[in-house]
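The values are calculated or read from the model by the stated rules, or taken from the named source; none is laboratory data. Every value quoted in this text rests on a predicted model; they were computed, and no experiment measured them. When we count neighbours, we look across all protein chains shown, and the Cβ atoms used for this are built from the backbone with ideal geometry, even at glycine. Keep in mind that these areas ignore ligands, DNA and RNA; they rest on the heavy atoms of the full protein, side chains included. Shrake-Rupley method; radii C 1.70, N 1.55, O 1.52, S 1.80 Å.
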Amino acid sequence: MSTKINLAIKKRVVYRSRPHEATGLCTGCRSCELACSLANANVFNPQRARIKIVALGAGIDIPVTCQQCEDPWCQKACYVNAIVKDKKLDIFIVDENKCIGCGNCVGACPYGIILLDPITNKAIKCNLCNGKPACVAICPSHVLEFITDNDISKVNRRRFAAILYNEDNALRPVPSGAERIRLLPDRERRRP
Amino acid sequence: MKQKSSYAGKILSINLSNRDIHVEELDPSFVSLFLGGRGFGSKILYDNVTPNIKPFDEENLIILTPGALVGTGVPAASRTTITTKSPLTEMHGDGHASGTWGASLKYAGYDCLIVKGKAEKPVYILIDDGRVEIRNASHLWGKNTSVTDKLLKEELNDPDISTVCIGPAGERLVRLAAIMHDGSDKGVNARCGVGAVMGSKNLKAIAARGTKDINLHDQEAYKKAYQEYLETIAIDPYVPPATKYGTCRFMYHRVKFGIHGAKNWRYGSFEWEPLDPEVFRSDYQVKASSCPMCPIMCRRDYRIQSGKYAGTVAKLEWECIARSITCGINNPEIVIYFSNLCNQLGLDVEGTGGTIAFAMECYEKGLLGKEDTDGLDLNFGNHEAFLTLTKKIAAREGLGDILAEGCYRASKIIGKGSEKFAIHVKGGEMTAGDPRGMPVRAVSYATSTRGSDHLRSNPYVEELITPEEAEKWFGSKEAADIYKGVKGKGRLLKWSEDFVTIGDILGLCKFAYYRSASFEYLKKKGLQLATKFYNACTGSNLSEEEMFKTGERIFNVEKAYNTREGADRKDDIIPLRFFMEPLIKDKIDENAVVDRGKFNTILEEYYKERGWDVNTGIPTREILERLQLRSIIQDLVKRGKLA
């Protein structure tokens, strides 16, 4: 009877970079990986973390975690219906009692972020730590955010506006004494 | 059930000669005395590498030990120590670096890796979760570090595997060679020629990965300490510039005190403006990056956008800038290129820069002519010659073959009085800033156990403390006076040496724990919180005094090692230049030389504080007894070094 209003409520962990700040990009410290494994498995083991830092080389590090899809492929791929909806957070989580560790979901995930735990051999995926993600809490450069989809669009819009401003500003002479918003030295990177 | 602890619990030893792979359990009594990291490395080296073994012998060991807290989430706990008998100093030698390799070794189930013997052909070691293989590395031999890393990752089909490797310099036994983590843009175990020892074993690389857990003993205490650490760095005025500029910020410190040591340690002033940290930040910085687990983020990726060296990428650290200044270079692009070049070739920037500066002074004084330098015009500040000579050192070509021995040995080969231009302590090239005018810093270089080293101690404490604090902690108000103070400095030096050793044992970064804008925060981070983290992770119940005593114990093990090698008080000396020649500053002042009287007074006070013999500088039986080093007493007595 009620219409679906998930889009505005559902929160997920996103990488929100602020390229105009000195420490506004992921520094690749991997604190989030260990915070995740500590929160979910009570040990330090990056192989059991549900967030991963991908090092692309030349100093570029990007955190990747579950996108919390509405209609996830991992769930479709599961033979035993072990990936179930969590009502409170409105996301899909793995029911460890049902999971048989076949790894079918791992191959199905287009983001490569549902994994098999090397110790328990069951599937693990981001469960948002019951609404208080440990990775977001620990990130020293504050580039991880726990945010709704609607707010992501706001963030992206702001970033786009800042880029527009900078492109525009780069063409103008800088008034003396004024603090200039710094351009990223590597300009190609901002353009897809 | 076994107690939950962050130790992996095993030592892996690999003999490359007979391909023997041996795993043994970690002995709890050994752990309780030496904790990990530099502690394990120093003791294992003492027990196994005796004076009759030369650095490049098969019997010499490379001991790779992640600090005790590496692999846990403790902030900035990422440092791995590589200990060996140094080819530069022929004494205790070690290099420290951050990176993911140490943690990977622990996830694979080992707290320590010992490599001995010599492979017949180039090999690399793969440690894969308890499976250890010695594999052929002929295809990697001769390759640059970044290429080696890339090929290894492709071969093992795992972009996330951690590697350490040597470059062409290490393969050719260049005594300035370093060991690189994950190719060319992560940590570097640079000092003491550790890379050359790895090369002498025909060992190109070690790759490690693992899936085992590192346990945490007390989660509540860990989280509390973590919170306390974050609160401390949040109010520490030291942190914001570190996060803003990275290690380039030391330029401001250097300029303030006028201790550049430019042109082979002769000039205190220098045209440093092109190397302003602000220039690096605005013109070359790509992004901030950091070592594993670090909330300070003082590493920086720099990239040259245009010009002759366009496209060069380097993670530049302060010492690279400092050593370029020693060679009279003040072009930021050359500095970035030099950093990248050394990293690709597997060279130590400090040793290489210092040695090139030595050659430049020999050239200036006419001891080396154009015929010796293969036509290179080795004037101070000559970019081309600077970079070409770096390549020649790694390739051991021409003059590079002589300089590859390090400045101390090169001066013996060149002769003609060039010894006085070789600025080294115990054979290791001089590091950091010029000690002239600051007597305790001069002594700190001399007493370091691995040759010249500014990170073996932390005499910078004298800049932080108030006279009252100095009186309370070091027994004299004078200890707070940088230039004139003498009394209390010996105790300050001993204190700071033991203090920073704790960091090396636990694997904590010196910038994150052992630098601060106030003495109070420094003690809190480096001792209180380090002990709290250690207890929370391992379940031990160490008091702060015991932790401090552990630092003292490790330092004494290293000193005993050097004593056994024949070093004594006469080796605890800095180059004559610092005593004789005034530092040339904009205005000459009284502080322009190291006063020999002050130097000796501080050194004697230091020996007394340490409980060592004042005349010989050798540890006494009482101090070794107190530090529970009985096996070392027996060994030294047997060799006639101890009464």
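Other protein chain C-beta atoms within 10 Å of residue C-beta, averaged over A:39-50: 5.
I'd like the antiparallel share, as a percent to the nearest 5, of DSSP beta bridges with both residues in chain B.
Numbers: 47 of 61 bridges.
Of all bridge pairs located within chain B, approximately 75 percent are antiparallel.
For the range B:10-209, the spread of Cα coordinates along the three principal axes comes to 43, 40, 30 Å, biggest extent given first.
Rounded to the nearest whole Hz, the Karplus-based 3J(HN,Hα) values (6.51 cos²θ - 1.76 cosθ + 1.60, θ = phi - 60°) of the range A:32-44 follow the sequence 4, 4, 6, 4, 5, 5, 5, 5, 9, 10, 6, 9, 9, with x at glycine and proline.
How many percent of Cα pairs in the range B:344-428 exceed 17 Å?
On the way: 1329 of 3570 pairs.
Of all Cα-Cα distances in the range B:344-428, 37 percent exceed 17 Å.
Per residue, what volume in Å³ does the convex hull of the Cα atoms of the protein assembly as shown enclose? Spelled out: Cα convex hull of the protein assembly as shown, divided by residues, is 173 Å³. The equivalent ellipsoid of the range B:325-391 has semi-axes of 20, 12, 11 Å, largest first, where each one is the square root of 5 times an eigenvalue of the Cα gyration tensor. Computed over the Cα atoms of the range B:1-119, the ratio of the radius of gyration to the Kirkwood radius (Rg/Rh) comes to 0.97.
A DSSP coil position with no more than 16 other Cβ atoms inside 10 Å describes the following GluC sites (Glu not before Pro) in the range B:1-100: B:Glu58, B:Glu59. Extending 7 Å from the Cα toward the beta-carbon at both B:Lys472 and B:Ile53 defines two label points whose distance is 4.6 nm. Once the 1.4 Å probe is applied to the protein heavy atoms, the range A:41-119 comes out at 49 Å² accessible per residue. Could you tell me which of rounded, prolate or oblate describes the range B:276-376, using a ≥ b ≥ c as the square roots of the eigenvalues of the alpha-carbon gyration tensor, with rounded for a/c under 1.5 and, failing that, prolate when a/b is larger than b/c and oblate otherwise? Because a/c hits 1.5 or more and a/b exceeds b/c, the range B:276-376 counts as prolate.
The separation of the range B:348-388 from the range B:1-58, counted between C-alpha centres, amounts to 41 Å. For the protein assembly as shown, the share of DSSP beta bridges that are antiparallel, to the nearest 5, is 80%. By accessible area, using a 1.4 Å probe on protein heavy atoms only, the protein assembly as shown has 51% of its surface on carbon and sulfur. Under the rule a/c < 1.5 gives rounded, and otherwise a/b versus b/c splits prolate from oblate, where does the range B:163-295 land using the Cα gyration tensor? Oblate shape, in that a/c is at least 1.5 and b/c is the bigger or equal ratio. Phi angles of the range B:18-32 translate, via the Karplus equation with coefficients 6.51, -1.76, 1.60 and θ = phi - 60°, into HN-Hα couplings of 10, 6, 8, 10, 9, 10, 10, 6, 6, 7, x, 6, 5, 4, 5 Hz per residue; Gly and Pro are given as x.
Would you mind counting up the charge near B:Phe555? Only other residues with Cβ under 9 Å from its Cβ, with Lys and Arg at +1 and Asp and Glu at -1. Write out the running numbers ahead of the final one.
Details: positive: B:Arg456, B:Lys494, B:Arg553, B:Lys559, B:Arg610; negative: B:Glu497, B:Asp498, B:Glu552, B:Glu558.
With Lys, Arg at +1 and Asp, Glu at -1, the net is +1.
Of the trypsin sites (Lys or Arg not before Pro) in the range B:480-540, the ones in a loop by DSSP (not H, G, I, E or B) with at most 13 other beta carbons within 10 Å are B:Lys484. For A:Lys122 and B:Asp129, what does the FRET efficiency come to when R0 = 25 Å and r is the distance between their Cβ atoms, rounded to the nearest 0.05? Between A:Lys122 and B:Asp129 the formula returns 0.85.
Kirkwood Rh and Cα-based Rg: tell me the resulting Rg over Rh for the range B:139-187, rounded to two decimals. Could you put the intermediate results ahead of the total?
Numbers: Rg = 10.5 Å, Rh = 10.8 Å.
Across the range B:139-187, the Cα-based Rg/Rh ratio is 0.97.
Restricting the calculation to Cα atoms, the range B:260-429 shows an Rg/Rh of 0.98 when the hydrodynamic-style radius is the Kirkwood one.
With the Cα gyration tensor of the range B:478-546 in hand, give its eigenvalues times 5 under a square root as the equivalent ellipsoid semi-axes, listed largest first in whole angstrom.
Equivalent ellipsoid semi-axes, largest first: 26, 12, 10 Å.
Estimated from helical segments only, the mean residue ellipticity of chain B at 222 nm is -11500 deg cm²/dmol, where each DSSP H run of four or more residues counts as -39500 (n - 2.57).
Using the scaling law 2.2 N^0.38 Å as the reference, what is the normalised Cα Rg of chain B? It would help to have the intermediate numbers written out before the result.
On the way: Rg = 22.9 Å, N = 643, 2.2 N^0.38 = 25.7 Å.
Expressed relative to 2.2 N^0.38 Å, the Cα Rg reads 0.89.
The distance separating the Cα centre of the range B:243-285 from that of the range B:136-175 comes to 33 Å.
At full extension, B:Glu384 and B:Arg639 could sit 86.8 nm farther apart than now, given 0.36 nm per residue minus the alpha carbon distance. Around the Cα centre of the protein assembly as shown, unit charges on the Cβ atoms of Lys, Arg, Asp and Glu (plus for the first two, minus for the last two) sum to a dipole of about 1320 debye. Given their separation in residues at 0.36 nm each and the Cα-Cα distance between them, B:Trp272 and B:Leu151 gain 39.6 nm when the chain is fully extended.
Computing FRET efficiency as 1/(1 + (r/R0)^6) for B:Val614 and B:Ile235, where r is the C-beta to C-beta distance and R0 is 45 Å, gives about 0.60. Sparse packing (at most 16 other Cβ atoms within 10 Å of the Cβ) combined with a DSSP loop state is found for the following GluC sites (Glu not before Pro) in the range A:68-161: A:Glu70, A:Glu96. Under 5 Å between amide hydrogens, built in the peptide plane, is the criterion, and for B:Ile584 it picks out B:Tyr267, B:Gly268 among residues at least 5 positions away or on other chains. Given +1 at the Cβ of Lys and Arg, -1 at the Cβ of Asp and Glu and no other charges, the dipole of the range B:260-429 around its Cα centre is 320 debye to the nearest 20.
In the range B:10-209, the DSSP beta bridges split such that about 75 percent are antiparallel, to the nearest 5. How many angstrom separate the Cα center of the range B:422-493 from the Cα center of the range A:22-52? Measuring centre to centre over Cα atoms gives 39 Å. Note that the range A:45-51 has calculated 3J(HN,Hα) couplings of 6, x, 5, 9, 7, 9, 10 Hz, one per residue in order, obtained from phi through the Karplus relation 6.51 cos²θ - 1.76 cosθ + 1.60 (θ = phi - 60°); glycine and proline are x. Divided by 2.2 N^0.38 Å, where N counts the residues, the Cα radius of gyration of the range B:493-637 comes to 1.25. The label-point distance for B:Ala517 and B:Gln227, in a model that sets each label 7 Å from Cα toward Cβ, rounds to 2.5 nm.
With all pairs of separate Cα atoms included, the range A:11-148 yields a Kirkwood hydrodynamic radius of 15.3 Å.
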